[in-house]
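**Student:** Attaching a single structure in structure tokens format; questions to follow.
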2 protein chains.
Amino acid sequence: MTLKDIVLKTRSYRRFNESHRIEYKTLENLVDLARLSSSGANRQPLKYLIYISQEDCARVYPSVVWAAYLKDWDGPEPGERPSGYIIILGDKTIAEGFGVDHGIAAQSIMLGSTEAGLGGCMIASIRRDQLRSELKIPDKFEILLILALGKPVENVIIDMIKDGDVKYWRDSEKNHHVPKRPLDELIIKL
Amino acid sequence: MTLKDIVLKTRSYRRFNESHRIEYKTLENLVDLARLSSSGANRQPLKYLIYISQEDCARVYPSVVWAAYLKDWDGPEPGERPSGYIIILGDKTIAEGFGVDHGIAAQSIMLGSTEAGLGGCMIASIRRDQLRSELKIPDKFEILLILALGKPVENVIIDMIKDGDVKYWRDSEKNHHVPKRPLDELIIKL
């Protein structure tokens, strides 16, 4: 696959074949991609939690806030939930802020997940207090992002944006549509 | 190349063969990778400026603050300067904040630059007022990142970190060394 193929296939997936379990090593390899990616001033302040067992996934799931634009959908049903999570933390003993380090890291991980035959979603909308308490995350770590991973079972279609409406939506066949702005709107000439 | 190969080759390069000029289309394709990458709540608030001519590159160069850890190096000499820039802006008429969108976008672009035979550096340390004035960037755009690009002429070596010292350094043969933390320091168990 070219990088463009990988990028095109790396959609935000929110429904999975939950019976497909993920190897720990697979997620460890994805974190290694993040490790080898850029970090502001090379500080490398990010830490990672990996969860793959059904029991652990059930502990993470309730703290994820799913798909704000889908008002009548609270998240994937049992059987379609993620079978793995990578949680990205910021180590406050290393840096006060984390800039876009977690964006860089998350993108490496999500692209890697596609190559590994998986998919998922970057989630910043998190019930942080609940997650911290459930997983016993020490205060020195800021909770930055949850990457929910699994074997996607949904079809994600990129549409051209209409009337500036960025809201993604589902059609009657449960295809997930994502409106994207065209390139000539993004590249500006001064 | 596997994604791991691409990630490994995507180092932060700061010295280039400046005589190697970059096609506009090449950088446009890189922005398209960013366009097709994740954006928080799918808002897609990022805009991009592309510069490839020698004249335009000379206008951008003075606003870049180079390599804070290399105290006796003010940036690449003439002949080793970037031959292209992508500047990532945040459109404040679309979103108030940009989360890690520009980290995600920048990582897609930098990985793509490797595949395209180029390399470069994400730079957040920018003389923003000077750049805004020089390029006449309207106030509605926040200046987020400069991606300096070119045909790298330097060798970047990943070292294992020693005594927690994250500072990159240059050896007598001008090889650029970058200490990286090991995986078992990044993945924590609670």
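The values are calculated or read from the model by the stated rules, or taken from the named source; none is laboratory data. Bear in mind that the values here come from a model prediction, so they are computed numbers and not experimental data. Positions of Cβ are backbone-derived with ideal geometry, glycine not excepted, and every protein chain shown enters the neighbour counts.
**Student:** If a residue must be within 11 Å of another protein chain (Cβ to nearest Cβ) and small (Gly, Ala, Ser), how many such residues does the range A:148-190 contain?
**Tutor:** Of the residues in that region, 1 qualify.
**Student:** Does the range A:107-124 contain at least one residue that is over 16 Å from the mean Cα position of the chain (by Cα), buried (at least 22 other Cβ atoms within 10 Å of the Cβ) and hydrophobic (A, V, I, L, M, F, W, C)?
**Tutor:** no
Yes/no per residue for (1) within 23 Å of B:ILE143 (Cβ to Cβ); (2) at the interface with chain A (Cβ under 9 Å from one of its Cβ atoms):
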position	(1), (2)
B:LEU8	no, yes
B:ARG15	no, no
B:GLU18	no, no
B:ILE22	yes, no
B:LYS25	no, no
B:ASP32	yes, yes
B:ARG35	yes, yes
B:SER39	yes, yes
B:LEU49	yes, yes
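**Student:** Mind telling me which of the residues B:TYR61, B:TYR48, B:TYR69 ends up being aromatic (Phe, Trp, Tyr), touching a residue at least 24 places away in the same chain (Cβ under 8 Å) and crowded, with 16+ Cβ neighbours inside 10 Å?
**Tutor:** Numbers: B:TYR61 fails: touching a residue at least 24 places away in the same chain (Cβ under 8 Å); B:TYR69 fails: crowded, with 16+ Cβ neighbours inside 10 Å.
Being aromatic (Phe, Trp, Tyr), touching a residue at least 24 places away in the same chain (Cβ under 8 Å) and crowded, with 16+ Cβ neighbours inside 10 Å holds for just one of B:TYR61, B:TYR48, B:TYR69, which is B:TYR48.
**Student:** What about A:LEU131, is it touching a helix residue (DSSP H, G or I) at 6+ places or on another chain (Cβ under 9 Å), within 12 Å of another protein chain (Cβ to nearest Cβ) and either assigned to a strand (DSSP E or B) or at positive phi (or both)? Reasoning before the result, please.
**Tutor:** On the way: touching a helix residue (DSSP H, G or I) at 6+ places or on another chain (Cβ under 9 Å): yes; within 12 Å of another protein chain (Cβ to nearest Cβ): yes; either assigned to a strand (DSSP E or B) or at positive phi (or both): no.
No: the conditions fail for A:LEU131.
**Student:** Another question, if that's okay. Taking the conditions exactly as written (of a type in the set (A, V, I, L, M) and assigned to a helix (DSSP H, G or I)), does B:ALA34 satisfy them or not? Full working, then the answer.
**Tutor:** Numbers: of a type in the set (A, V, I, L, M): yes; assigned to a helix (DSSP H, G or I): yes.
Judged against the criteria, B:ALA34 is a match.
**Student:** Which of the residues belonging to the range B:74-99 are aliphatic (A, V, I, L, M) and either modelled with pLDDT under 95 or more than 15 Å from the chain's Cα centre (by Cα) (or both)? Write out each step before concluding.
**Tutor:** Keep residues of the range B:74-99 that are aliphatic (A, V, I, L, M), which gives B:86-89, B:94-95.
Once the filter is applied, which keeps residues that are aliphatic (A, V, I, L, M) and either modelled with pLDDT under 95 or more than 15 Å from the chain's Cα centre (by Cα) (or both), the range B:74-99 yields B:ILE94, B:ALA95.
**Student:** Of the conditions (1) within 13 Å of another protein chain (Cβ to nearest Cβ); (2) farther than 16 Å from A:GLN44 by Cβ; (3) free of Cβ contacts under 8 Å to residues at least 40 places away in the same chain, A:MET110 fails just one. Which one is it?
**Tutor:** Answer for A:MET110: the failing condition is (3).
**Student:** Looking at the range B:72-92, which of the residues that are over 15 Å from B:LEU144 (Cβ atoms) and either among the hydroxyl-bearing types (Ser, Thr, Tyr) or out of contact with any strand residue (DSSP E or B) (no Cβ under 8 Å at 6 or more places or on another chain) (or both) is surrounded by the fewest Cβ atoms within 10 Å (Cβ to Cβ)?
**Tutor:** B:ASP72
**Student:** A further question on this structure: Would you pick out the residues in the range B:1-13 that are over 13 Å from B:GLY119 (Cβ atoms) and either at pLDDT below 95 or in a helix (DSSP H, G or I) (or both)? I'd like the intermediate steps shown before the answer.
**Tutor:** Step one: list which residues in the range B:1-13 are over 13 Å from B:GLY119 (Cβ atoms), which gives B:1-5.
Within the range B:1-13, B:MET1, B:LEU3, B:LYS4, B:ASP5 meet the criteria.
**Student:** Right, next: Is it the case that the range A:88-97 has a residue that's in a helix (DSSP H, G or I), hydroxyl-bearing (Ser, Thr, Tyr), in contact (Cβ under 8 Å) with a residue 24 or more places away in the chain and under 24 Å from B:SER125 (Cα atoms)?
**Tutor:** Just the residues of the range A:88-97 that are in a helix (DSSP H, G or I), to begin with: none.
Within the range A:88-97, not a single residue is in a helix (DSSP H, G or I), hydroxyl-bearing (Ser, Thr, Tyr), in contact (Cβ under 8 Å) with a residue 24 or more places away in the chain and under 24 Å from B:SER125 (Cα atoms).
**Student:** Checking B:LYS71 against (1) modelled with pLDDT of 95 or more; (2) over 17 Å from the mean Cα position of the chain (by Cα): exactly one of these is not met. Which one?
**Tutor:** It is condition (1) that B:LYS71 fails.
**Student:** Only one of these is buried (at least 17 other Cβ atoms within 10 Å of the Cβ) and over 16 Å from the mean Cα position of the chain (by Cα): A:ASN17, A:ASN42. Name it.
**Tutor:** Of the residues listed, the single one that is buried (at least 17 other Cβ atoms within 10 Å of the Cβ) and over 16 Å from the mean Cα position of the chain (by Cα) is A:ASN42.
**Student:** Got a number for residues in the range A:14-31 being among the aromatic types (Phe, Trp, Tyr) and assigned to a helix (DSSP H, G or I)?
**Tutor:** So the first thing to find is which residues in the range A:14-31 are among the aromatic types (Phe, Trp, Tyr), and the list is A:16, A:24.
Those still in the list that are assigned to a helix (DSSP H, G or I) too: A:24.
Qualifying residue count, the range A:14-31: 1.
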